[in-house]
Structures are given as C-alpha cells and as structure tokens.
Number of protein chains: 2
Amino acid sequence: MSRAMETPEPPYFAAIFTSMRRAGDEGYAGMAEKMVALAKLQPGFLGMESTRDGEGFGITVSYWESLEAIKAWHLDAAHGEAQRLGREKWYESFALRICRVERAYSWPK
Amino acid sequence: MSRAMETPEPPYFAAIFTSMRRAGDEGYAGMAEKMVALAKLQPGFLGMESTRDGEGFGITVSYWESLEAIKAWHLDAAHGEAQRLGREKWYESFALRICRVERAYSWPK
C-alpha cells in the first residue's frame, strides 16, 4: 500500500507537525488513530502523511484546502483534548508550521 | 540532542520531501550524510528535520530563506547526481512540495 498522498494541483495548504515522543504509549496509539479518523471527516481535509523513527522523532504533514479548514480543525473540541494530552503525557516537544504549498512534484508520475 | 530545528519568524520556505525507500543501503546512508553537509553550505539554508520508520517511509523537511535558495540547491550539481541515483537505486517513490511557511508555533516555547 502506498503511504504517499495524492494531492491536487497547488496551491493548497500543509500543516507540518514535528514531534519528539516521550517513552511509553499512555493511550497515544489509540488517540492518534482516532485523530486521523476525525481529521478525515473535517471539511477541506485533503490527506495526511506520517512517520516516526526508533528514537521517537516523528513528522506528520496534513494537507488542507484552505487556512480556514486548518483553523477549524485546530479549534475542534476533540482535537483540543488530544492537544492537551499531548502536552501533558505524550510529547517531549513539538512544533507546528502552517504553510501554503506553492509547487509539487512526484515520482514516478 | 534535540532534533527539532530553530527557525526564524515566518515567512520563510520549506521543502517537504516524502519518500519510500527500496530495501538495501546501496550507498544511500553515505550520500544522505553528504547531502546534509552540502545543504548546510548552501546560501539561505535554515535547517532540516528528517525521520524514517521501519517500513522505509520517510519525511524530510528542509527550511530556506527564499524560493531562490531552494531552486539553487535543486540545481546544484552534486545534488543533481544524488537525485539521479535516488530514482535509479534508492527510492520506490517520492514527492517534493515547495511551501511558504505562514505561521509557526512550538512547545515548549
């Protein structure tokens, strides 16, 4: 199964979330799965790519039609609860960068 | 050691490179190290974050001062050779997205 997302022609928007996990699951895997399922239901959601290595450093990029769609997801109540637990239990550190995708290229075409 | 990059206040630019590796090293690790060292010497380079999981799916995000800086790196001769080998030997598939970072947030501050 390909884990790369098909996205439309730019412009569209991306949220780059980089994070370092703490040790232990503490309910993380279940919540992560729930957040992916919920994100897919958000208006304007285009897709998501995610990976994390053995040291616990992960990058998740989600793709969106507009900045408004990203903002609505950021303010979603269930997502807000996950954000709170993220700071309390799961992440040592994280960063979020909101971007406008200007150009895209993939191989093979 | 933190693997998260300190980046300046937006706007700046990001190149999101997502890829699926083929099995076997085939000179990949050495070249990856060389490309990171070379990227750091490029004018306008701000930093890079990278991770890959056990399935071989990786995301590397590099940060740049301008679109021109990204273009110059794309056209660098040594980088071009790595791109050719990437298609021939190392990657099953990849995508590159060039973005303008509009907003950024990190935790802890």
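Determine the share of the protein assembly as shown's accessible area contributed by carbon and sulfur atoms, expressed in whole percent, with a 1.4 angstrom probe.
Summing carbon and sulfur atoms, their accessible area is 55 percent of the total for the protein assembly as shown.
Tell me which residues come under 5 Å, amide H to amide H, from residue A:103 once H is placed; ignore anything under 5 positions away on its chain.
B:98
Hey, can you list the residues from the stretch A:70-109 whose accessible area shrinks by 50 Å² or more with all protein chains present, relative to the chain by itself (probe 1.4 Å, no ligands or nucleic acids)?
A:87, A:94, A:97, A:98, A:102, A:103, A:105, A:107
Using a probe radius of 1.4 Å on protein heavy atoms only, what is the accessible area buried between chains B and A, both sides summed, to the nearest 100 Å²?
3500 Å²
Return the subset of B:34/B:89; B:34/B:71; A:40/B:109 for which the Cα-Cα distance in this structure is over 24 Å, preserving the input order.
The pairs that break the limit, which is 24 Å between Cα atoms, are A:40/B:109.
Relative contact order, percent, of chain A when contacts are C-alpha pairs under 8 Å separated by at least 6 residues?
46 percent
Specify the longest stretch of chain B that does not include any exposed loop site, a site being one of the GluC sites (Glu not before Pro) with a non-H, G, I, E, B DSSP assignment and at most 14 other Cβ atoms within 10 Å.
Maximal segment without exposed cleavage sites: B:56-109.
Students sometimes get this wrong: rank A:94, B:17 by accessible area, probe 1.4 Å, all chains present, largest first.
Ranked from most to least accessible, the order is B:17, A:94.
If amide H atoms are built 1.01 Å from N in the plane of the peptide, which residues on other chains or at least 5 residues away come under 5 Å of the amide H of residue A:92?
Under 5 Å from the amide H of residue A:92 lie the amide H atoms of A:20, A:21, A:22, each far enough along the sequence or on another chain.
Any idea what the residue A:80 label distances to the other copies are, label 7 Å down the Cα→Cβ vector, nm, shortest first?
Ordered by distance, the counterparts are at 5.3 nm.
Normalised radius of gyration for chain B, please: alpha carbon Rg relative to 2.2 N^0.38 Å, two decimal places.
For chain B, the normalised Cα radius of gyration comes out at 1.09.
Put the label 7 Å from Cα along Cα→Cβ for residue B:6; what are its distances to the other copies, in nanometres, shortest first?
Ordered by increasing distance: 4.4 nm.
Compute the Cα gyration tensor for the stretch B:16-72, then decide on rounded, prolate or oblate, letting a ≥ b ≥ c be the square roots of its eigenvalues: rounded whenever a/c is under 1.5, prolate when a/b is larger than b/c in the other cases, and oblate in all that remain.
Judged from the Cα gyration tensor, the stretch B:16-72 comes out prolate (a/c at least 1.5, a/b above b/c).
Within chain A, which whole H helices from DSSP have a Cα span along their axis of at least 18 Å and a mean Kyte-Doolittle hydropathy of 0.5 or more, if any?
A:28-41
Round to a whole angstrom and tell me the spacing of the C-alpha centers of the stretch B:1-55 and the stretch A:1-69.
For the stretch B:1-55 versus the stretch A:1-69, the Cα centre distance is 19 Å.
So which residues in the stretch B:41-67 end up with at least 40 square angstrom less accessible surface once the other protein chains are there, compared with the chain by itself, probe 1.4 angstrom?
Going by heavy-atom accessible area, the residues of the stretch B:41-67 that drop by at least 40 Å² are B:49, B:51, B:53, B:57, B:59.
Could you report the protein assembly as shown's accessible area per residue, 1.4 Å probe, as an integer in Å²?
Per residue, the protein assembly as shown has an accessible area of 53 Å².
Using only DSSP helix segments of four residues or longer, with each worth -39500 (n - 2.57), what per-residue ellipticity at 222 nm results for chain A after dividing by its residue count and rounding to 500?
-9000 deg cm²/dmol
The values are calculated or read from the model by the stated rules, or taken from the named source; none is laboratory data. Not measured: the values here are computed from a predicted model. Every residue, glycine as well, gets a Cβ built from its backbone with ideal geometry; the counts of neighbours run over all protein chains shown. Protein only, heavy atoms only, side chains kept; ligands, DNA and RNA dropped before computing areas. Shrake-Rupley method; radii C 1.70, N 1.55, O 1.52, S 1.80 Å.
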